[in-house]
1. Assess whether residue 130 counts as being open to solvent by 40 Å² or more (accessible area, probe 1.4 Å) and in contact with a strand residue (DSSP E or B) (Cβ under 7 Å, 6 or more places away or on another chain).
2. Looking at residue 278 and the list (1) modelled with pLDDT of 95 or more; (2) over 22 Å from residue 200 (Cβ atoms), which single condition is not satisfied?
3. Answer with yes or no whether residue 271 is buried (at least 22 other Cβ atoms within 10 Å of the Cβ) and assigned to a strand (DSSP E or B).
4. Among the residues of the stretch 310-319, how many are assigned to a helix (DSSP H, G or I) and either open to solvent by less than 70 Å² (accessible area, probe 1.4 Å) or touching a strand residue (DSSP E or B) at 6+ places or on another chain (Cβ under 6 Å) (or both)?
5. What tally of residues in the stretch 282-303 results from selecting those that are surrounded by fewer than 17 Cβ atoms within 10 Å (Cβ to Cβ) and part of a loop (DSSP other than H, G, I, E, B)?
6. Go through the stretch 59-80 residue by residue and tally those that are of a type outside the set (S, T, N, Q) and more than 21 Å from the chain's Cα centre (by Cα).
7. Residues to consider are 171, 151; find the one that is in a loop (DSSP other than H, G, I, E, B) and in contact with a Gly (Cβ under 8 Å, 6 or more places away or on another chain).
Amino acid sequence: MFKKSAAALALSLGLVMGAGALAPDAAAQTRVTLKSAKAGTSYYVMMVQLGEMMKAQSGGKIQATVEESQGSVQNVKESARRPGNFLFTTPPSLLTSARAGKKPFEGETGYDRVRTLFVMPFVTIHFAVQKDSGITDVMQLAGQKFIAGGKGTFCEGRTRRVFELLGLEGKVEAVDVELSAASNAMRNDKVAGFATCSSHPTPQLVELATTNPLTVLSFTDAQREAILKADPMSGPLTIAAGTYKGQDAPVNTVGVPVGAFTTTDMDDETAYFITRNFWQQRNALAKENPWWAGVSPEMVNQLGTKLHPGALKYYKEAGVKLDASLM
């Protein structure tokens with residue numbers, strides 16, 4: 001379960017880790033910018049954890065700055081122009097769209113410089129509604145007001161796509177509200193619910209469930225099959241009973257792979273150090289938050305973007321079998 005607030009983690013995670021070998025050998029500190037999602041989300045907490053890990057394992061030679069983001073679309077767009085050591089997260093499908101110049105990346109360039117470091121915990125699609133709304137099935141959202149995720153984010157796009165696939169397009173009244181305000185909107189009966197796309201347990205729902213009874217909607221087998229058929233990169237995912245307060249049964253939903261990426265601006269030594277120490281410290285990170293236990297080095301093959309040469313060096317040393325497209 002989610003153990004600590006993002007604010008507390010930002011101050012100190014208290015990870016007890018010895019300084020790792022092969023820290024970047026430079027007299028000056030190496031600065032790395034980490035960007036993932038909005039404060040209070042699970043992916044923001046992950047970035048804080050990674051930043052603390054880098055600092056601890058390098059003996060302070062790596063100084064990480066965690067920046068709040070509006071989401072994966074913003075992260076990908078910034079990757080085309082951000083200089084220096086920039087580490088960001090996104091579902092790989094957005095990078096594919098960016099390189100192809102598809103919406104919302106029409107006419108943009110610079111995405112061929114993106115490189116893979118390691119795999120992150122999957123995005124979990126959550127559709128949360130007021131428990132007293134009586135809604136128990138996604139199809140009952142027809143005629144309801146619903147926040148489809150942060151405006152312009154991957155989550156909003158994915159939610160609208162799910163509605164389209166399930167025949168709900170145009171039947172759900174989309175409310176244009178920032179995701180940070182979604183919890184209050186639901187508490188105040190302004191909306192029936194909202195979508196959030198983050199690794200579970202997501203802090204926003206953990207907090208909300210303690211004060212406002214909610215239901216996380218489960219997809220039927222047929223609904224999930226329709227969603228997965230349209231997006232081969234997604235996979236079935238189950239949120240275990242008891243993950244959120246009042247959630248008495250497992251929730252069947254879908255998950256989307258997410259990667260930690262950088263650009264060719266990052267030097268090989270830094271990329272190698274970050275990748276190597278991430279995998280060596282994964283178990284320690286999982287003691288703080290269990291979502292890290294669900295990733296393994298072989299899953300990097302799901303990311304579909306060439307590995308950074310420094311990361312490639314680590315995976316070869318570790319004996320990880322890699323798809324040719326990543327090399």
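The values are calculated or read from the model by the stated rules, or taken from the named source; none is laboratory data. It should be emphasised that the depicted structure is a prediction, and the values quoted were computed from it without experimental measurement. Glycine gets a Cβ as well: all are built from the backbone with ideal geometry, and neighbour counts include every protein chain shown. Note: areas computed on protein heavy atoms with side chains; ligands, DNA, RNA excluded. Shrake-Rupley method; radii C 1.70, N 1.55, O 1.52, S 1.80 Å.
1. no
2. (2)
3. No, not satisfied.
4. Here the count works out to 5.
5. 1
6. Our first condition is that a residue be of a type outside the set (S, T, N, Q); within the stretch 59-80, this holds for 59-62, 64, 66-68, 71, 73, 76-78, 80.
Within this subset, residues satisfying the condition of being more than 21 Å from the chain's Cα centre (by Cα) are 59-62.
Residues that pass the stated criteria total 4.
7. 171
Yes or no, residue by residue, for (1) open to solvent by 80 Å² or more (accessible area, probe 1.4 Å); (2) hydrophobic (A, V, I, L, M, F, W, C); (3) assigned to a loop (DSSP other than H, G, I, E, B):
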position	(1), (2), (3)
157	no, no, no
177	no, yes, yes
180	yes, no, no
184	yes, no, no
